[in-house]
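*Asks:* The following block contains the structure, expressed as structure tokens.
The values are calculated or read from the model by the stated rules, or taken from the named source; none is laboratory data. Worth saying up front: this structure is predicted, and the values here are computed from it rather than measured. FYI the Cβ positions are ideal-geometry reconstructions off the backbone, even for glycines, and counts take in every protein chain you see. Surface areas here come from the heavy atoms of the whole protein model, side chains and all, with no ligands, DNA or RNA. Shrake-Rupley method; radii C 1.70, N 1.55, O 1.52, S 1.80 Å.
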Amino acid sequence: MADYYDVLGVSRDATADEIKKRFRQLARETHPDANPGDPNAEVRFREIAQAYEVLSDPQRRAAYDRGEVFGGGDLFSNVAGLDEILQQFFGSGFGGFGFGTRARSGPQRGPDVGVVLELTLAEAATGVSRDIRFSALGRCPVCGGNGAAPGTTPVRCSTCGGRGQVQTSRNTFLGAVMTVTDCSVCRGRGEIIEEPCSECRGHGRVDAERELTVEIPAGVDDGTRLRLSGRGGVGDRSGPPGDLYVQVHVAADDRFERIGDDLRHHLVLGMAEAALGTKRTVPLVDGEETEIDVPRGTQSGTVFRMARQGMPRLRRRGRGDLLVEVEVRTPEDLSDDEEALLRSLAELRGEQPIEPRRRRKRRSG
Ligand SMILES: [Zn+2]
Ligand SMILES: [Zn+2]
């Protein structure tokens with residue numbers, strides 16, 4: 001890729017003003033409208049515009065000077081930004097190349113639609129197929145989408161000949177520049193509806209209830225947003241449909257705490273179990289159970305990691321782990337027998353518990 005300073009023909013320490021002046025000069029020389037019939041002109045012009053876009057922005061220029069790569073280096077990656085520059089320089093109404101500004105006047109893409117889906121953690125772990133209902137713009141069933149009352153048809157706009165757009169020629173410092181604008185008579189539609197459909201008031205689209213079966217992949221998390229391309233509202237005229245966004249909400253589960261793809265389960269053990277070892281069943285997220293061997297002398301806070309028993313990784317292979325975190329619970333409500341046993345134990349181990357107080361009579365365990 002050519003060096004931006006070389007493209008503009010300025011030195012590396014050129015001031016912002018020098019860069020601006022130079023771009024203005026080059027833009028006039030290389031603009032395709034000033035070079036009719038030269039297919040390379042547009043490519044050269046874009047190169048210059050892109051170099052200017054970077055070097056005219058102090059932060060991006062500094063990054064470029066440091067050798068940082070940005071924007072993927074695709075000359076055609078930022079067409080909207082290019083149009084913006086042209087507008088700044090040459091004012092709005094500048095011809096451009098028929099992208100960016102003009103795209104807005106053509107057929108409009110349908111609106112995006114959002115739906116919230118509630119899942120349990122188990123459903124998030126296995127993936128689930130859900131029927132959802134939502135409201136989205138659809139073709140008007142009465143007029144079939146053309147906006148004209150039944151029995152009538154839209155007529156072709158005579159002003160623009162049905163194209164929806166009109167070309168005008170303007171004289172600028174570049175010479176004659178063709179500008180394409182929406183036809184003001186049909187407002188870009190290319191046709192005129194003399195008698196609008198009463199159902200959609202001539203828009204051709206109405207809100208309608210829809211049903212759809214959505215496949216939720218295993219491993220989704222609370223807040224995961226799934227995009228179903230083209231499942232949103234229908235577009236205006238021949239515009240493409242919008243997208244449907246399914247926002248996943250995963251309900252809290254009192255057995256598991258999710259940490260990324262890992263799950264944490266809290267396991268409470270008695271003092272004797274922790275000291276002597278035990279076997280415990282531990283729930284698994286998909287509804288199964290597994291047995292865990294707690295070895296002798298397990299301390300409170302010990303974490304047993306059960307590999308690949310966590311959540312599946314969304315759209316990847318493998319699973320997270322299940323972390324079983326032990327809490328050894330100290331008995332609080334000792335019966336007289338239990339207290340006697342503990343005191344014997346303390347004596348054997350040389351521990352020094354506080355002397356017994358006179359206690360109210362307790363039930364014995
Ligand atoms: Zn209609
Ligand atoms: Zn028209």
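*Asks:* Out of the residues in the stretch 113-127 that are open to solvent by 30 Å² or more (accessible area, probe 1.4 Å) and part of a strand (DSSP E or B), which is nearest to ligand 1 (Cβ to nearest atom)? Steps first, answer last, please.
*Replies:* Of the stretch 113-127, the ones open to solvent by 30 Å² or more (accessible area, probe 1.4 Å) are 114, 116, 118, 120, 122-123, 126.
Within this subset, residues satisfying the condition of being part of a strand (DSSP E or B) are 114, 116, 118.
On the way: Gly114: 25, Val116: 30, Glu118: 35 Å.
Checking each candidate, the answer is Gly114.
*Asks:* Let me ask you something else. What residue, of Arg24, Arg28, Arg44, is open to solvent by 20 Å² or more (accessible area, probe 1.4 Å) and touching a helix residue (DSSP H, G or I) at 6+ places or on another chain (Cβ under 6 Å)? Working first, answer last.
*Replies:* Values: Arg24 fails: touching a helix residue (DSSP H, G or I) at 6+ places or on another chain (Cβ under 6 Å); Arg28 fails: touching a helix residue (DSSP H, G or I) at 6+ places or on another chain (Cβ under 6 Å).
Only one candidate passes the filter, namely Arg44.
Table: residues versus (1) more than 30 Å from Leu226 (Cα to Cα); (2) surrounded by 14 or more Cβ atoms within 10 Å (Cβ to Cβ); (3) not polar (S, T, N, Q).
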residue: Pro241; (1), (2), (3): no, yes, yes
residue: Leu267; (1), (2), (3): yes, yes, yes
residue: Asp293; (1), (2), (3): yes, no, yes
residue: Met311; (1), (2), (3): no, yes, yes
residue: Glu327; (1), (2), (3): yes, no, yes
residue: Glu347; (1), (2), (3): yes, no, yes
residue: Glu351; (1), (2), (3): yes, no, yes
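*Asks:* Just name the residue that is nearest to Gly127 (Cα to Cα) out of those in the stretch 196-220 that are open to solvent by 60 Å² or more (accessible area, probe 1.4 Å) and over 32 Å from the mean Cα position of the chain (by Cα).
*Replies:* Residues of the stretch 196-220 that are open to solvent by 60 Å² or more (accessible area, probe 1.4 Å), as a first pass: 196, 198-199, 201, 203, 207, 209-211, 213, 215.
This time we only want the ones that are over 32 Å from the mean Cα position of the chain (by Cα), so: 196, 198-199, 201.
Values: Pro196: 46, Ser198: 44, Glu199: 40, Arg201: 42 Å.
Ranking the candidates gives Glu199 first.
*Asks:* Right, another one. Can you find a residue in the stretch 166-183 that is of a type in the set (Val, Ile, Thr), assigned to a strand (DSSP E or B), more than 30 Å from Thr30 (Cα to Cα) and open to solvent by less than 30 Å² (accessible area, probe 1.4 Å)? Lay out the reasoning, then the answer.
*Replies:* Taking the stretch 166-183 first, the residues of a type in the set (Val, Ile, Thr) are 166, 168, 172, 177, 179-181.
Okay, now just the ones that are also assigned to a strand (DSSP E or B), so 166, 168, 172, 177, 179-181.
Within this subset, residues satisfying the condition of being more than 30 Å from Thr30 (Cα to Cα) are none.
Scanning the stretch 166-183 turns up no residue that is of a type in the set (Val, Ile, Thr), assigned to a strand (DSSP E or B), more than 30 Å from Thr30 (Cα to Cα) and open to solvent by less than 30 Å² (accessible area, probe 1.4 Å).
*Asks:* Right, next: Please state which one of Gly151, Gly188, Gly114, Gly161 is modelled with pLDDT of 90 or more and within 16 Å of ligand 2 (Cβ to nearest atom).
*Replies:* Working: Gly151 fails: within 16 Å of ligand 2 (Cβ to nearest atom); Gly188 fails: modelled with pLDDT of 90 or more; Gly114 fails: within 16 Å of ligand 2 (Cβ to nearest atom).
Every option except Gly161 fails the conditions.
*Asks:* Go through the stretch 222-239 and report how many residues are closer than 22 Å to Gly310 by Cα and open to solvent by less than 60 Å² (accessible area, probe 1.4 Å). Show your work before the answer.
*Replies:* Taking the stretch 222-239 as the starting set, the residues that turn out to be closer than 22 Å to Gly310 by Cα are 222-226.
Narrowing the set further to residues that are open to solvent by less than 60 Å² (accessible area, probe 1.4 Å) leaves 223-224, 226.
So the answer is 3.
*Asks:* Next question, about the same structure. Restricting the first residue to the stretch 198-225 and requiring it to be within 16 Å of ligand 1 (Cβ to nearest atom), which pairs with a second residue that is β-branched (Val, Ile, Thr) meet a Cβ separation below 8 Å and a spacing of at least six or different chains?
*Replies:* Listed by first residue and then by second, the contacts come to Ser198/Val142; Glu199/Val142; Glu199/Val206; Cys200/Val142; Cys200/Val206; Gly202/Ile193; Arg205/Val234.
*Asks:* Within the stretch 143-156, is even one residue more than 16 Å from ligand 1 (Cβ to nearest atom) and in contact (Cβ under 8 Å) with a residue 24 or more places away in the chain? Give the steps one after another, and end with the answer.
*Replies:* First, pick out the residues of the stretch 143-156 that are more than 16 Å from ligand 1 (Cβ to nearest atom): 155-156.
Among the residues that remain, those that are also in contact (Cβ under 8 Å) with a residue 24 or more places away in the chain are: 155-156.
Yes, that holds for at least one residue.
*Asks:* Identify all residues within the stretch 1-21 that are of a type in the set (Gly, Ala, Ser), under 14 Å from Arg61 (Cβ atoms) and open to solvent by 50 Å² or more (accessible area, probe 1.4 Å); write none if there are none.
*Replies:* To start, the set of residues in the stretch 1-21 that are of a type in the set (Gly, Ala, Ser) comprises 2, 9, 11, 14, 16.
Pick out the ones that are also under 14 Å from Arg61 (Cβ atoms) and you get 11, 14, 16.
Matches in the stretch 1-21: Ser11, Ala16.
*Asks:* When you look at Pro141, is it farther than 21 Å from Arg227 by Cβ and within 16 Å of ligand 2 (Cβ to nearest atom), yes or no? Reasoning before the result, please.
*Replies:* Details: farther than 21 Å from Arg227 by Cβ: yes; within 16 Å of ligand 2 (Cβ to nearest atom): no.
Spelling it out, it is not the case that Pro141 is farther than 21 Å from Arg227 by Cβ and within 16 Å of ligand 2 (Cβ to nearest atom).
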